[in-house]
1. Counting only residues that are part of a loop (DSSP other than H, G, I, E, B), surrounded by fewer than 21 Cβ atoms within 10 Å (Cβ to Cβ) and away from the ligand (no atom under 16 Å from the Cβ), how many does segment 232-254 have?
2. Please determine, by comparing only the residues of segment 292-311 that are more than 16 Å from the ligand (Cβ to nearest atom) and touching a strand residue (DSSP E or B) at 6+ places or on another chain (Cβ under 6 Å), which one is modelled with the lowest pLDDT.
3. In segment 354-410, what residues are closer than 23 Å to residue 238 by Cα and without any contact (Cβ under 8 Å) to a residue 24 or more places away in the chain?
4. Could you please let me know if residue 32 is without any contact (Cβ under 8 Å) to a residue 12 or more places away in the chain and outside any loop (DSSP other than H, G, I, E, B)?
5. For segment 135-162, which positions are in contact (Cβ under 8 Å) with a residue 24 or more places away in the chain and within 16 Å of residue 97 (Cβ to Cβ)?
6. Say we look at segment 272-291 and pick out the residues that are within 15 Å of the ligand (Cβ to nearest atom) and assigned to a loop (DSSP other than H, G, I, E, B); which of these is farthest from residue 246 (Cα to Cα)?
Ligand code: CTP
């Protein structure tokens, strides 16, 4: 659980790479120190073009490490010692260049030498232009780094400093902080897997409903919440299937990911993934699809009026799973995305859909929940309502998974 004690006396070695997002590291250092963590920083040569050693050093309260062959430092504290003295290494921003060097095992400067020489866990927060992120070389490096056990935080999708839009924006300090806390959380730290043997099914992301071969109906869901839930379940040992609509998110480690496009495909993939002990429907499934999906691109004929699209209702994945006569998961959890009367609508939705718990969240545009990092939710169970504070989506996932653990533990102890 993300609480203040999680970071007390933890030692974080922060490697600051060269990207405009480096300024966010100053806020990150401040927040880490507020929570009682010790932070040492390595600033790469490119990183120093964006933030000054003076700002970094003032916030860490320590020397800022910059040179591989710094005689004073090597005498006092060498690169091996730098990694030895940390509980966790965090690279933020992790540029395309730094990631490529890590994937290739290069060690040409202090940052890469420490990363190659370390046996400590490493989390990276990538930040780069969308085309660099999508480039095959970067995608190859991502796969390699994941296979090497490197943890990823983000990147996010959004407006970029370079004026483009897409995946590649560095995660916000609150999100990086949550990932670090999560790393040190009780179970993650002990490696304990209290959900071992539990089968979980999670839906995530939007669905895309085709209009013709090049156009589709969709919504703004990023999939962050569903993916974070699947990751948290797998981390605690649950055998987890994630049925995901189209997202730019990397597959969470240890999760069996099944990618789909449409609501109908999502339902079929969920049915194929059953039986499960717990099902969590976090996907923003499109309620409607176009009745006829044109086999050829609809042409804009000169002078002709705009085509009329007739919508038909999609199957409801959550309601279908909740109402299964045989093989219904013991615990079915839905989400209620509401823009007004959040609790009232969520309570009615829980009844209507037949699920056991519902996580209500306010998705009105001013909250920035859709596609954003933070979420304020209310958990509605048969026994009542819990109001959770504003939390990063990862922390919401952790908390929900703890509640699931409690549910199955209490049930086990009653049996
Ligand atoms: N859901 C689903 N299949 C659908 C629609 C929704 O599985 N075709 C699930 C979502 O994953 C979520 C819950 O139902 O867990 C509620 O989704 P939401 O969009 O809030 O509700 P809707 O059913 O779409 O109702 P409304 O749009 O009227 O609020």
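1. Going through segment 232-254 one residue at a time, the tally reaches 6.
2. 293
3. 406, 410
4. no
5. The answer is 135, 137, 138, 140, 141, 142, 144, 145, 150, 155, 162.
6. It comes out as 276.
For (1) modelled with pLDDT of 95 or more; (2) buried (at least 18 other Cβ atoms within 10 Å of the Cβ); (3) touching a strand residue (DSSP E or B) at 6+ places or on another chain (Cβ under 9 Å); (4) not assigned by TED's automatic domain parsing to the domain that holds residue 28, each residue gets a yes or a no:
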residue: 83; (1), (2), (3), (4): no, yes, yes, no
residue: 99; (1), (2), (3), (4): yes, yes, yes, no
residue: 107; (1), (2), (3), (4): no, no, no, no
residue: 136; (1), (2), (3), (4): no, no, no, no
residue: 140; (1), (2), (3), (4): no, no, no, no
residue: 145; (1), (2), (3), (4): no, yes, yes, no
residue: 150; (1), (2), (3), (4): no, yes, yes, no
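Every residue, every condition in (1) exposed (fewer than 15 other Cβ atoms within 10 Å of the Cβ); (2) assigned to a loop (DSSP other than H, G, I, E, B); (3) within 22 Å of the chain's Cα centre (by Cα), yes or no:
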| position | (1), (2), (3) |
| --- | --- |
| 321 | no, no, no |
| 333 | no, no, yes |
| 345 | no, no, no |
| 351 | yes, no, no |
| 385 | yes, no, no |
| 406 | yes, no, no |
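The values are calculated or read from the model by the stated rules, or taken from the named source; none is laboratory data. Bear in mind the structure is a predicted one, so any value in this text is a computation, not a measurement. All Cβ positions, even for glycine, are placed from backbone atoms using ideal geometry, and neighbour counts span all protein chains on display.
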